[in-house]
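See structure below.
Every read-out reported here was derived from the displayed coordinates using simple, explicitly stated rules and does not represent laboratory data. Note that the coordinates shown come from a computational prediction; the quantities given were computed from them, not determined experimentally. All Cβ positions, even for glycine, are placed from backbone atoms using ideal geometry, and neighbour counts span all protein chains on display.
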Amino acid sequence: MEELLNQPQRNSLTIALRMLEERLRQAAVWLQDDPDEGILYRRTIHLPSEARIAAQQGIAMALSQITQLVRDLGLQPQEERLESTISAAMNLSWANLCDVRSDKLKRYGPVAPRLAEALDPRIDTLAELTLSLALLFGRQTPEG
């Protein structure tokens, strides 16, 4: 059988399709599940039932097209180790926390005199926890 893609083309196509598939599957979950509610966020979808059904059908059709492309072009799935993803997210969160200590908040205007004692120890604790999680997930190696 004739190879239609060279390796860089195959990699590029695989990445684009994988990213689309991830987003389609996330959209499908959001369409089916109850709203996602955290401490500081609430996610909702306000779609009429006809639009929700149309979206679900569109997602199913797109996933079917991806399946056919993967099969026809011999693309292979790639394992993504979530430990690396979690470690990177925790490292970024640690950096963000360091940027919201009271001394850094001065860039947005005057800081209340008691803010440092009310905020900084708690931010430091969260930053330490976040960094320890980043390190924990970053140390994990593939099981052999």
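What the table shows:
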{"item": "Positive-end residue of MET90, GLY38, PRO113, charge dipole of region 26-137 with Cβ unit charges", "result": "PRO113"}
{"item": "Electrostatic dipole magnitude of the chain [Cβ: Lys, Arg +1; Asp, Glu -1; Cα centre; debye, to 20]", "result": "480"}
{"item": "Point-charge dipole on Cβ atoms (K/R +1, D/E -1) for region 7-73, about Cα centre, debye to 20", "result": "260"}
{"item": "For semi-axes √(5λ) of the Cα gyration tensor in Å, calculated from these coordinates, the label among [x] 34, 17, 9; [y] 41, 24, 14; [z] 28, 16, 14", "result": "[y]"}
{"item": "Span from the region 1-51 Cα centroid across to the region 77-131 one, whole angstrom", "result": "28"}
{"item": "Estimated [θ] at 222 nm from DSSP helical runs (n ≥ 4, -39500 (n - 2.57)) normalised by residues in the chain, nearest 500", "result": "-23000 deg cm²/dmol"}
{"item": "Selected from ILE45, ILE15, ILE59 as most flexible by GNM, with the chain as the system and alpha-carbon contacts under 10 Å", "result": "ILE45"}
{"item": "Integer Hz, Karplus 6.51/-1.76/1.60 couplings in order for region 52-65, x for Gly and Pro", "result": "4, 5, 4, 5, 4, 5, x, 4, 4, 5, 5, 5, 5, 5"}
{"item": "Average Cα contact separation per residue, the chain, under 8 Å, 6 or more apart, as relative contact order %", "result": "22"}
{"item": "Rounded FRET efficiency, nearest 0.05, which uses the C-beta distance separating ASP36 from ASP120 and R0 of 30 Å", "result": "0.50"}
